[in-house]
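Just below is one structure, and these are the notes that go with it.
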Amino acid sequence: DAKTTQPPSMDCAEGRAANLPCNHSTISGNEYVYWYRQIHSQGPQYIIHGLKNNETNEMASLIITEDRKSSTLILPHATLRDTAVYYCIVRVAGAAGNKLTFGGGTRVLVKP
Amino acid sequence: DVKVTQSSRYLVKRTGEKVFLECVQDMDHENMFWYRQDPGLGLRLIYFSYDVKMKEKGDIPEGYSVSREKKERFSLILESASTNQTSMYLCASTPGDRERGYTFGSGTRLTVV
């Protein structure tokens, strides 16, 4: 799986959009970009994933650059409950047993 | 929503005990995984299974075994618990043939004394 680079931490004001960057310059053509988050003392939670096109769901939006070497997760209206560590992961989709490798992630603190 | 349920949230066991951690998922997922999470080491894969009665070693299988007798249940077994197995244990599942994300359980924080 390709390696990812994320800033270690960032703050965000409640109600504002949070933009979380991720670099994955060695991504392969068949690798997807996945985002997870982990709230303290809980298991990781799947947020969103994409291959080439931008994606949106009820939790977030994912913007992938045209060369696919970086992406941004957008939380449109951050709430205090969005405080968590956010992980960007690149992996081949659907492969049985293809382990999930979590890097350091970005620790996001949403402030009132 | 898919649910992955781990039987215990917190567990305290003595050194040398045989420990069973249970995980059940309710969405007919083929793949199931056991990870442990430790500060500074991230998530490390212990074992995974892509079908009933099938199992594969992950990165750190030593001291552990698994059982998958039914599709929905994946058990992690610590044959003889040791203090270095004190950790957060996370179970996850995913469909076998699609690019869907993993669904994790809430975790079991095991302390071996």
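The values are calculated or read from the model by the stated rules, or taken from the named source; none is laboratory data. These numbers come from a predicted model, not from an experiment. Note that we place each Cβ from the backbone using ideal geometry, even for glycine, and neighbour counts take in every protein chain shown.
Taken over the stretch A:49-83, the criterion of being closer than 20 Å to A:H24 by Cβ, of a type in the set (D, E, K, R) and outside any loop (DSSP other than H, G, I, E, B) is satisfied by A:E55 alone.
Regarding B:G16, is this residue more than 12 Å from the chain's Cα centre (by Cα) and modelled with pLDDT of 95 or more? Yes, satisfied. A:K3 falls short of the stated requirement of being at pLDDT 90 or above and either part of a loop (DSSP other than H, G, I, E, B) or under 30 Å from B:M54 (Cα atoms) (or both). For the stretch B:3-11, the criterion of being surrounded by 15 or more Cβ atoms within 10 Å (Cβ to Cβ), closer than 30 Å to A:V92 by Cβ, among the hydrophobic types (A, V, I, L, M, F, W, C) and within 10 Å of the chain's Cα centre (by Cα) is satisfied by no residue at all.
Yes/no matrix, rows are residues, columns are (1) within 14 Å of chain A (Cβ to nearest Cβ); (2) under 13 Å from B:F48 (Cα atoms); (3) not polar (S, T, N, Q):
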| site | (1), (2), (3) |
| --- | --- |
| B:E69 | no, no, yes |
| B:S75 | no, yes, no |
| B:E79 | no, no, yes |
| B:S82 | no, no, no |
| B:T86 | no, no, no |
| B:G96 | yes, yes, yes |
| B:G101 | yes, no, yes |
| B:V113 | no, no, yes |
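In the stretch A:7-63, of all residues being surrounded by 20 or more Cβ atoms within 10 Å (Cβ to Cβ) and away from chain B (no Cβ under 14 Å), the one that is farthest from A:C88 (Cα to Cα) corresponds to A:A18.
Here the condition is being in contact (Cβ under 8 Å) with a residue 24 or more places away in the chain and either of a type outside the set (G, A, S) or under 22 Å from A:C88 (Cβ atoms) (or both); of B:L110, B:L45, B:L41, it holds for B:L110 alone. Among residues of the stretch A:44-56 that are modelled with pLDDT under 90, none has a beta-carbon under 6 Å from a residue that is among the hydroxyl-bearing types (S, T, Y) and surrounded by 16 or more Cβ atoms within 10 Å (Cβ to Cβ) at least six positions away or on a different chain.
Among the residues of the stretch B:43-63, those identified as farther than 20 Å from B:S82 by Cα and at the interface with chain A (Cβ under 9 Å from one of its Cβ atoms) are B:F48, B:S49, B:Y50, B:D51, B:E56. A:E31 fulfils the conditions (1) under 26 Å from B:G96 (Cα atoms); (2) at pLDDT 90 or above except for a single criterion, (2).
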